[in-house]
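The values are calculated or read from the model by the stated rules, or taken from the named source; none is laboratory data. Computed from a predicted model, the values in this text were never measured in an experiment. Neighbour counts run over all protein chains shown; Cβ positions are idealised from the backbone, glycine included. Accessible surface is based on the protein model in full, side chains and every heavy atom, while ligands, DNA and RNA are left aside. Shrake-Rupley method; radii C 1.70, N 1.55, O 1.52, S 1.80 Å.
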Amino acid sequence: MISHPLKIDDAITLEDGTHVNLQGWIVRLRKHGSLTFFDLENSKSSIQCVVSRELLKATDGLQSLLKPEAAIVVEGKIATRKDNPQLPPDLICEYIEVVGPVIKPMSPSPRTADLDASGLTDHKLTNQHMYMRNPKIRAAMLLRHELLGFFHRWFRENDFVEFTAPVLTPIPIYQDKTAIDLEIHGENVFLTQCVGFYLEAAIHGLDRVYNIGPSFRKEKSRGRRHLMEYWHIKAGIAFCDRERMMGVVEDLIQQGVAFSQNLRSLISTFGGSVCKPLPEGPFPRISYREACGLISETTGKTMQFGSSLSPDRQNVLGTRFDTPFWVVGMPRTIEPFPYVIDPDDDELTMTADLLAPGDYGELLGVAEKISDLAELDERMLEKGREKDSRYQWVRDLRNLGAAPQAGFGLGFERFLRWIAQGYHVRDFIGFPRMFGRKIHP
RNA sequence: UCCGGGGUAGCUCAGCUGGCAGAGCAAGCGGCUGUUAACCGCUAGGUCGUGGGUUCGAUCCCCACCCCCGGAGCCA
């Protein structure tokens, strides 16, 4: 392991009188006449530093350089606190170098601003680059880091190969108008909405594959569950059907929730609370038709067969469960063309959506993919894509040893939002891109 | 895209049924030896989102546009 300079969390365990050299940022500066206090902070911990009048006078310009947010290097010795020996020790400063001065102070100070305060939403998003140092943002980013690590470990432990699919693609999976397009070499190409087609190809060489990367959708949505750019966890398995894939997903979610129980203090840092531990065993499931009935009955308004599970309908179902639950078999009219039609009910597809309890909505979708070319052509015709030559290579895959396969796709920020019982998916990505908001920074 | 709410100091907001623009916090200066949202005093800070209209006079009323927030439809 590469060596680190002494860290603040190590320093506070040292004996009185030990000389240390620390780096970090100033927070909560308290200036008195001849004594100045501040907390020196880095990503993991902080220590209270004490500066005497003598040091301030001896160092040119130090008085005016000591400001909240300044990046400094400080030397001094550890000392038990005079006011309260029970608290972690002070650092009595003997030398301070301001390496990153405060040229233009910001208000509120992003390192200490309370982001729960009302009205800061736009200010925070406009200054997202400055707020990366805020403890709440930092904790949310650390949660993201922890769970991204979990997903990679889980996939690798379960024999999935990480396949890094392209972001530029000639073919959107949904309508072209919800894809972000750009022109290259005179051709229209898109930022990926879903890497599913590329995983279909990869499966024929690698059996079990996954991809974690961004997906882009220009859906005209301003809700709390949508980002224009979100991280999409996709996986596919050859010779797999819906039933088996649902079992795979259940294990993934069970373990993800179990893992997250250890992240309680991180999650509480940004005001979240960990979702409840899950009971063992498979998640409850209802059919799409049952969901229609249940929603009609609960709301008193008839939900027609073929209408989609809109957020308010998902919430109606969400109140009925306290674990994630499946809605199995979405209608063929609302699902994209590559998904298999249910052999027992040709109005339905071999799909299953996993919804979170409460108002967190859809976490992921499972689908069996069509491997038969004639069936694929029929579905492309049905969706008006039969003359679309861009999909020729997707058809080619069905011409040469196409294996039956199933896959799933999970919205990473939605998953985080549910795990931490958060407010908005934008709180779980470093630089959120949302429909209806200018892309900045 | 549609519906609703909003845009006033660096930040959060008050104000005005049309008559010289306000507070708290932040900032700058001064004071203070145990503070931790330190405290006390002083100072400075404004194209009232942009453009047009009505009016003797518009931050306020009207129109258009821009930007933001919340929700809807669509989705993961």
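Observations on the structure shown:
- Options A:433, A:426: the member that is open to solvent by 10 Å² or more (accessible area, probe 1.4 Å), part of a loop (DSSP other than H, G, I, E, B), within 10 Å of RNA strand B (Cβ to nearest atom) and under 30 Å from residue A:142 (Cα atoms): A:433
- Flag for residue A:358 being open to solvent by 10 Å² or more (accessible area, probe 1.4 Å), of a type outside the set (D, E, K, R) and not in a strand (DSSP E or B): yes
- Single match in A:323, A:333 (criterion: hydroxyl-bearing (Ser, Thr, Tyr), within 27 Å of the chain's Cα centre (by Cα) and assigned to a loop (DSSP other than H, G, I, E, B)): A:323
- Checked against (1) part of a loop (DSSP other than H, G, I, E, B); (2) surrounded by 22 or more Cβ atoms within 10 Å (Cβ to Cβ), residue A:279 passes all but condition (2).
- Residue satisfying all of: in the stretch A:227-245; aromatic (Phe, Trp, Tyr) and under 22 Å from residue A:414 (Cβ atoms); nearest to RNA strand B (Cβ to nearest atom) among these: A:230
- Residue match in the stretch A:59-70 (condition: exposed (fewer than 12 other Cβ atoms within 10 Å of the Cβ), outside any loop (DSSP other than H, G, I, E, B), at pLDDT below 90 and not aromatic (Phe, Trp, Tyr)): yes
- Close pairs from the stretch A:79-92: first part of a loop (DSSP other than H, G, I, E, B), partner open to solvent by 70 Å² or more (accessible area, probe 1.4 Å) and more than 7 Å from RNA strand B (Cβ to nearest atom), Cβ under 8 Å, at least 6 apart: A:80/A:16; A:81/A:88; A:89/A:16
Okay, residues lined up against (1) open to solvent by 20 Å² or more (accessible area, probe 1.4 Å); (2) closer than 30 Å to residue A:384 by Cα:
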{"position": "A:121", "(1), (2)": "yes, no"}
{"position": "A:131", "(1), (2)": "no, no"}
{"position": "A:157", "(1), (2)": "yes, no"}
{"position": "A:167", "(1), (2)": "yes, yes"}
{"position": "A:174", "(1), (2)": "yes, yes"}
{"position": "A:181", "(1), (2)": "yes, yes"}
{"position": "A:186", "(1), (2)": "yes, yes"}
{"position": "A:203", "(1), (2)": "no, yes"}
{"position": "A:206", "(1), (2)": "yes, no"}
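- Of residues in the stretch A:282-295 being in contact (Cβ under 8 Å) with a residue 60 or more places away in the chain and either farther than 29 Å from residue A:256 by Cα or open to solvent by less than 30 Å² (accessible area, probe 1.4 Å) (or both), the one nearest to RNA strand B (Cβ to nearest atom): A:288
- Annotation note: of A:319, A:298, A:333, A:351, the sole residue that is within 15 Å of RNA strand B (Cβ to nearest atom) and surrounded by 16 or more Cβ atoms within 10 Å (Cβ to Cβ) is A:351.
- Residues that are surrounded by fewer than 17 Cβ atoms within 10 Å (Cβ to Cβ) and either of a type outside the set (Lys, Arg) or within 30 Å of residue A:306 (Cα to Cα) (or both) within the stretch A:256-268 comprise A:258, A:261, A:262, A:265, A:268, listed in sequence order.
- Residue that is least open to solvent (accessible area, probe 1.4 Å) [pool: residues in the stretch A:364-401 that are part of a loop (DSSP other than H, G, I, E, B) and in contact with a strand residue (DSSP E or B) (Cβ under 9 Å, 6 or more places away or on another chain)]: A:370
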